[in-house]
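Enquirer: Here you go, one structure.
The values are calculated or read from the model by the stated rules, or taken from the named source; none is laboratory data. A quick note: this is a predicted structure, and the numbers were derived from the prediction, not measured. Cβ placement follows ideal geometry from the backbone for every residue including glycine, while neighbour counts extend to all protein chains displayed.
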Amino acid sequence: MIPFDYARPATVGAAVASINKDATAQLIAGGTNLVDLMKRGVMSPQKLIDVTRLPLKEIKEANGIIRIGALALNSEVAENETIRKALPLLSQALNAGASAQIRNMATVGGNAMQRTRCPYFYDTVMPCNKRQPGTGCSALKGYNRMHAIFGASDKCIAVNPSDMCIALAALEATVIVAGAKGERRIPILDFHRLPGDNPAKDNNLQKGEMITAIEVPVNKAFAKNSLYQKIRDRASYAFALVSVAAALDIKGKTIQQARLAMGGVAHKPWRLTTAETFLKGKEATVANFQQAAALALKDAKSYGHNDFKLTLAPNTIVHTLKTLTGI
Amino acid sequence: MTNEHEDDVLRAAHSRRSFLKRTTAAAAITLAPAALVKAAEDKLDEKGAEYFEKLPLQIEVNGKPYSLQVEPRVTLLDLLREQLHLTGSKKGCDYGQCGACTVHVDGQRVLSCLSLAVMQDGKKITTIEGLQNGDDLHPMQEAFIEHDGFQCGYCTPGQIMSAVACIREGHAKNDADIREYMSGNICRCGAYPNIVDAIKDVVKKGGVK
Ligand SMILES: Cc1cc2nc3c(=O)[nH]c(=O)nc-3n(C[C@H](O)[C@H](O)[C@H](O)COP(=O)(O)OP(=O)(O)OC[C@H]3O[C@@H](n4cnc5c(N)ncnc54)[C@H](O)[C@@H]3O)c2cc1C
Ligand code: FES
Ligand code: FES
């Protein structure tokens, strides 16, 4: 690792001031992503701002909204009683990520900010538009088994690796951000970006801003009927090939409202709005689930090694909905 | 497993290169003849060491307080192994992928290879060396021996630190639970079934403190 300076501010204001003052400074929380990337020379901030001592760890419920501090640990959130009862989907998604040790270090803010696991992004001798804009995308014609089937561009086909954010997308969370000019609220679906012409930019957080909290609205119907299903190369401790976060408001056999989001398939959490609209007011049947899955895959495009995702993704959607409704 | 020496040499070379890249002097140096580059490099390295000052760090390791000075880039794993000579915690991958470096920080299991030492200021660290009580092995250590929970033994300190935490967290309810919550510890020798048996045995005999 290259040498760097280190500071440990005591207030959010001081942390924000530090990243505004120094363009080469970067926040560090659990370090589970950043330290890895720094060791490999993929990222090389010259100053680290340690935010782990900031008072941003609280999880509290008020007026039907659960606010989770950005520094709350992934394990604390997953095991928290309020979260398990009111947002079981989030708890499941967090527990499906990484390992017990990593969840004990990783924070909610860091999780939302984690970079892609594309092997070409990690390999500093290979071209990668995300790591080094203008050099090209090695994955496009390379080994792209883990890569996107939705919303990619000819500049980048990497996926966002977060499990947590897939659940947050289905639950319509809001990211709370602090900057030099004060606080800003960003709906989770507008937080991450598609690669387009600028894959170096993962999300819409501006330079000099930090995440202070995530807010998630509580929906009792969804809490009763939600499931995170993750398909991976081994049973645990592996990133998603595809994952599905599903929440249903169901009365009798009729679906009042459906929320569906997928992971492992795009540069951002991928909401399946067409499938959701289709399922609204329909009966919970395998045929309807299959039709919803087919609609969800309408604009999918694969790149060779990840062709299998065109079959795995709809199968996972159907499987998740079947498991959830017990049919 | 990674060859640690080679790894260190590579890292030193890499950091020197990166450091050169970042200094304004480097722009001129890249155009100079090799001997000159070498001389300048050596000098810069000295300066570099002075410039990136060490920071104070107070930690307790296995019940013993330490007052140390560390560079910010030193990981907790390297601090334990290289400075405190506690070589029980292993460097399997150094990238968070194997669990061989698992230690407890304030009672919670974490990966020391992805933890910066300087960020642990004021915390209590427990390593495999701190688990036993005087001459008595910890019940989990006993159980690993009794159940043949290892072959080469490289992953074992991490497995044991993780196993103790796994029970303490209440995640050792049954085989499936143990497998899921021990998945962060990879064993290349495949001692998994015996590790599960060892953990179940400790649970059966009353768990851990
Ligand atoms: C072996 C391994 C397996 C993994 N498997 C999974 C998996 O299956 N699923 C999954 O979802 N994840 C997985 N992860 C990734 C893990 O979840 C992330 O590394 C973690 O969530 C990052 O959080 P952190 O607090 O450690 O972030 P850090 O590493 O500290 O920071 C990551 C980035 O976020 C920025 N940042 C941190 N906090 C803030 C903030 N408050 N505001 C703005 N920016 C901030 C930092 O500047 C940095 O750029 C895995 C990681 C490893 C090493
Ligand atoms: S050495 Fe492999 S996880 Fe730390
Ligand atoms: S005992 Fe050899 S790696 Fe586990």
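Enquirer: Of everything in region B:54-69, what is part of a strand (DSSP E or B) and more than 10 Å from chain A (Cβ to nearest Cβ)? Give them in sequence order.
Expert: Initially, region B:54-69 is screened for residues part of a strand (DSSP E or B), giving B:55-61, B:64-69.
Matches in region B:54-69: B:56, B:57, B:58, B:59, B:60, B:61, B:64, B:65, B:66, B:67, B:68, B:69.
Enquirer: Oh, and also: If you scan region A:97-120, which residues turn out to be within 14 Å of another protein chain (Cβ to nearest Cβ) and hydrophobic (A, V, I, L, M, F, W, C)?
Expert: A:98, A:100, A:102, A:105, A:106
Enquirer: Only one of these conditions is not met by residue B:186: (1) within 16 Å of ligand 1 (Cβ to nearest atom); (2) under 16 Å from residue B:208 (Cα atoms); (3) more than 14 Å from the chain's Cα centre (by Cα). Which number is it?
Expert: With (1) within 16 Å of ligand 1 (Cβ to nearest atom); (2) under 16 Å from residue B:208 (Cα atoms); (3) more than 14 Å from the chain's Cα centre (by Cα) applied to residue B:186, the lone miss is (2).
Enquirer: Between a first residue in region A:30-50 that is more than 9 Å from every other protein chain (Cβ to nearest Cβ) and a second residue that is in a helix (DSSP H, G or I) and aromatic (Phe, Trp, Tyr), which pairs have beta carbons less than 8 Å apart while being 6 or more apart in sequence or on different chains?
Expert: Going by the 8 Å Cβ cut-off, the qualifying pairs are A:37/A:122; A:42/A:121; A:42/A:122.
Enquirer: Against the conditions (1) out of contact with any helix residue (DSSP H, G or I) (no Cβ under 8 Å at 6 or more places or on another chain); (2) within 14 Å of another protein chain (Cβ to nearest Cβ), where does residue A:19 fall short? Just the number, please.
Expert: Result: residue A:19 passes all but (2).
Enquirer: Select, from B:153, B:184, B:149, the only residue that is under 21 Å from residue B:127 (Cα atoms), touching a strand residue (DSSP E or B) at 6+ places or on another chain (Cβ under 9 Å) and among the small types (Gly, Ala, Ser). Spell out how you get there, then give the answer.
Expert: Values: B:153 fails: touching a strand residue (DSSP E or B) at 6+ places or on another chain (Cβ under 9 Å); B:149 fails: touching a strand residue (DSSP E or B) at 6+ places or on another chain (Cβ under 9 Å).
Among B:153, B:184, B:149, only B:184 is under 21 Å from residue B:127 (Cα atoms), touching a strand residue (DSSP E or B) at 6+ places or on another chain (Cβ under 9 Å) and among the small types (Gly, Ala, Ser).
Enquirer: Criterion first (closer than 20 Å to residue B:62 by Cβ, more than 11 Å from the chain's Cα centre (by Cα), in the same structural domain as residue B:54 (by TED's automatic domain parsing) and within 16 Å of ligand 2 (Cβ to nearest atom)) does residue B:118 satisfy it?
Expert: On the way: closer than 20 Å to residue B:62 by Cβ: yes; more than 11 Å from the chain's Cα centre (by Cα): yes; in the same structural domain as residue B:54 (by TED's automatic domain parsing): yes; within 16 Å of ligand 2 (Cβ to nearest atom): no.
Criteria not met by residue B:118.
Enquirer: Ok, one more. If I filter region B:179-193 down to residues being within 11 Å of another protein chain (Cβ to nearest Cβ) and in a helix (DSSP H, G or I), which single residue comes out as nearest to residue A:75 (Cα to Cα)? Write out each step before concluding.
Expert: Of all residues in region B:179-193, those within 11 Å of another protein chain (Cβ to nearest Cβ) come to B:179-186.
Add one more test, that the residue is in a helix (DSSP H, G or I), and what stays is B:179-181.
Working: B:179: 17, B:180: 14, B:181: 12 Å.
This residue is B:181.
Here is a yes/no grid of residues against (1) within 16 Å of ligand 3 (Cβ to nearest atom); (2) closer than 19 Å to residue A:152 by Cα; (3) more than 14 Å from chain B (Cβ to nearest Cβ); (4) touching a residue at least 60 places away in the same chain (Cβ under 8 Å):
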| residue | (1), (2), (3), (4) |
| --- | --- |
| A:197 | no, yes, yes, no |
| A:201 | no, yes, yes, no |
| A:207 | no, no, yes, yes |
| A:224 | no, no, yes, no |
| A:231 | no, no, yes, yes |
| A:236 | no, no, no, yes |
| A:243 | no, yes, yes, yes |
| A:246 | no, no, yes, yes |
| A:264 | no, yes, yes, yes |
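Enquirer: Follow-up. Where in region A:1-93 are there helices (runs of 4 or more DSSP H), lying wholly inside it, with at least 3 residues that are buried (at least 20 other Cβ atoms within 10 Å of the Cβ) and not aromatic (Phe, Trp, Tyr)? Lay out the reasoning, then the answer.
Expert: On the way: elements: A:12-21, A:34-39, A:74-79, A:81-86.
By residue number, A:12-21, A:34-39, A:74-79.
Enquirer: State yes or no: is residue A:79 within 13 Å of another protein chain (Cβ to nearest Cβ) and without any contact (Cβ under 8 Å) to a residue 24 or more places away in the chain?
Expert: On the way: within 13 Å of another protein chain (Cβ to nearest Cβ): yes; without any contact (Cβ under 8 Å) to a residue 24 or more places away in the chain: yes.
It is true that residue A:79 is within 13 Å of another protein chain (Cβ to nearest Cβ) and without any contact (Cβ under 8 Å) to a residue 24 or more places away in the chain.
Enquirer: With the requirement that a residue be among the β-branched types (Val, Ile, Thr) and in contact with a Leu (Cβ under 7 Å, 6 or more places away or on another chain), what does region A:12-60 give you?
Expert: The first filter runs over region A:12-60 and keeps only residues among the β-branched types (Val, Ile, Thr), leaving A:12, A:16, A:19, A:24, A:28, A:32, A:35, A:42, A:49, A:51-52, A:59.
The answer is A:12, A:19, A:28, A:32, A:35, A:49, A:51, A:52.
Quick grid of which residues meet (1) modelled with pLDDT of 95 or more; (2) more than 15 Å from residue A:113 (Cα to Cα); (3) within 16 Å of ligand 2 (Cβ to nearest atom); (4) in contact with an Asp or Glu (Cβ under 9 Å, 6 or more places away or on another chain):
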residue	(1), (2), (3), (4)
A:10	yes, yes, no, no
A:13	yes, yes, no, no
A:18	yes, yes, no, no
A:28	yes, no, no, yes
A:51	yes, no, no, no
A:68	yes, yes, no, yes
A:88	yes, yes, no, no
A:91	yes, yes, no, yes
A:95	yes, yes, no, yes
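Enquirer: Only residues in region B:69-95 that are closer than 19 Å to residue B:184 by Cβ count as the first member; pair them with residues that are among the acidic types (Asp, Glu) and assigned to a loop (DSSP other than H, G, I, E, B), Cβ under 9 angstrom, at least 6 apart or cross-chain, and list the lot.
Expert: Listed pairs, sorted by first residue: B:75/B:94; B:77/B:94.
Enquirer: For residue B:158, all conditions in the list (1) over 21 Å from the mean Cα position of the chain (by Cα); (2) within 16 Å of ligand 2 (Cβ to nearest atom) hold save one; what is the number of the exception?
Expert: (1)
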